[in-house]
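One structure is given here, and the rest of the page talks about it.
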Amino acid sequence: MSGSCIGCLNAETLPFDFSMAFQPIVDLRDGSVFAFEALARGTKGEGAGTLFAQLSDDNLYAFDQQCRVKAIELSAHLGLMETGAKLSINFMPRAIYEPRACIQLTLATGKRCGVSSDRLIFEFTESEVADTDKLNAIVTLYRALGFQTAVDDFGAGHSGLSLLANMPPDILKLDMELVRGIDKSAARGIMVKHLVAMARDMGIDLVCEGVETAGELAMLRELGVELAQGYFLCRPAFEHLPQAGEVRWRP
């Protein structure tokens, strides 16, 4: 068996330790937390870049597996299941050699920690869509197991609308470049307006990322956006699940 397969199955020891910060995705209709996105951090809260700089082909698989374990364990310890929110975990499709084998540790961790599959979302970025057949197999299996899937940074990659036509996700997260300055950009407003309508017609939840100003938030609400995430609403909180009272916005 190759080293990558062993890493995926056993989540072998990494040469570094890490933790998680959690940033809420806010439901703009009532100010509640729709989900918490788990973001890898150093053990003292250092940015994810310090971790990614230590990744290699030899430990990529173990890192992907251990991110899932850490996110589930820590969020459960912090009381995720006492909230109405979901947990969103980023994953790397290239770190999955066989979907059914590579999901076993996740399933076991969820069962051990009391986090049900219907409370988990798995995010992948549009730019990572290289092998569509492989990704389709992953998404199909995850849905069969009760997970939701999300396309992150939509609008920044190359696959675009063809991805939505061939493999529509449960959740679409618009890249922050489409959101930034939207209150001052007619072009961005038109694009987001039609993406909101398209997602609604397709039964996809749409999240606008990177909201940094009150003006951006006001425009997004005017365009019909219901879910948003960004520093204006709440910054990532290290080893903490921010509650609705900590979100800088009320309906």
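The values are calculated or read from the model by the stated rules, or taken from the named source; none is laboratory data. This is a predicted model, so every value here is computed, not measured. Don't worry about glycine lacking a Cβ; one is built from the backbone with ideal geometry, like all the others, and counts go over all protein chains shown. Just so you know, the surface numbers come from the protein's heavy atoms only, side chains and all, with ligands and any DNA or RNA stripped out. Shrake-Rupley method; radii C 1.70, N 1.55, O 1.52, S 1.80 Å.
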Can you pull the one-decimal nm distance between simple spin-label points at Met202 and Trp249, each 7 Å off the Cα toward Cβ?
-> 2.2 nm
How much length is gained if the chain between Glu82 and Ser32 is pulled fully straight, taking 0.36 nm per residue apart and subtracting their Cα-Cα distance, in nm to one decimal?
-> 16.6 nm
Report, to the nearest 10°, how far helix 132-144 tilts away from the longest principal axis of the Cα atoms in the chain, using its own Cα long axis and a range of 0 to 90°.
-> 90 degrees
GNM on the chain, C-alpha springs below 10 Å: top fluctuator among Ser19, Ser117, Ser162?
-> Ser162
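What do you reckon, how do Lys44, Lys173 stack up by accessible area (1.4 Å probe), largest on top? Don't skip to the end; give the middle numbers.
On the way: Lys44 175, Lys173 0 Å².
Accessible-area ranking of Lys44, Lys173, largest first: Lys44, Lys173.
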Solvent-accessible surface (1.4 angstrom probe) belonging to Glu177, in square angstrom, nearest 10 | 100 Å²
Heavy atoms of Glu82 accessible to a 1.4 Å probe, total area in Å² rounded to 10 | 150 Å²
Sort out for me the Cα centre separation of the stretch 56-92 from the stretch 169-215, rounded to whole Å.
-> 26 Å
Rank these by accessible area, largest first, 1.4 Å probe: Cys113, Cys102.
-> Cys113, Cys102
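For the chain, just say rounded, prolate or oblate: build the C-alpha gyration tensor, square-root its eigenvalues into a ≥ b ≥ c, call rounded for a/c under 1.5, and beyond that prolate if a/b exceeds b/c, oblate if not. Could you put the intermediate results ahead of the total?
Details: a/c = 1.74, a/b = 1.38, b/c = 1.26.
It comes out prolate by the Cα gyration axes.
So if each residue of separation counts as 0.36 nm, and I subtract the Cα-Cα distance between Ala53 and Lys111, what length gain in nm does that give?
Numbers: separation 58, 0.36 × 58 = 20.88 nm, distance 3.18 nm.
Full-extension gain reported as 17.7 nm.
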For the cross-link pairs Lys70/Lys173; Lys44/Lys86; Lys44/Lys134; Lys86/Lys193; Lys44/Lys184, which exceed 29 Å when the distance is taken from alpha carbon to alpha carbon?
-> Lys44/Lys134; Lys44/Lys184
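As an exercise, use a Förster radius of 30 Å and the Cβ-Cβ distance of Glu222 and Leu141 to find the FRET efficiency, rounded to the nearest 0.05.
On the way: r = 39 Å, r/R0 = 1.29.
E between Glu222 and Leu141, to the nearest 0.05, is 0.20.
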Mind checking the per residue accessible area of the chain for me, 1.4 Å probe, whole number of Å²?
-> 45 Å²
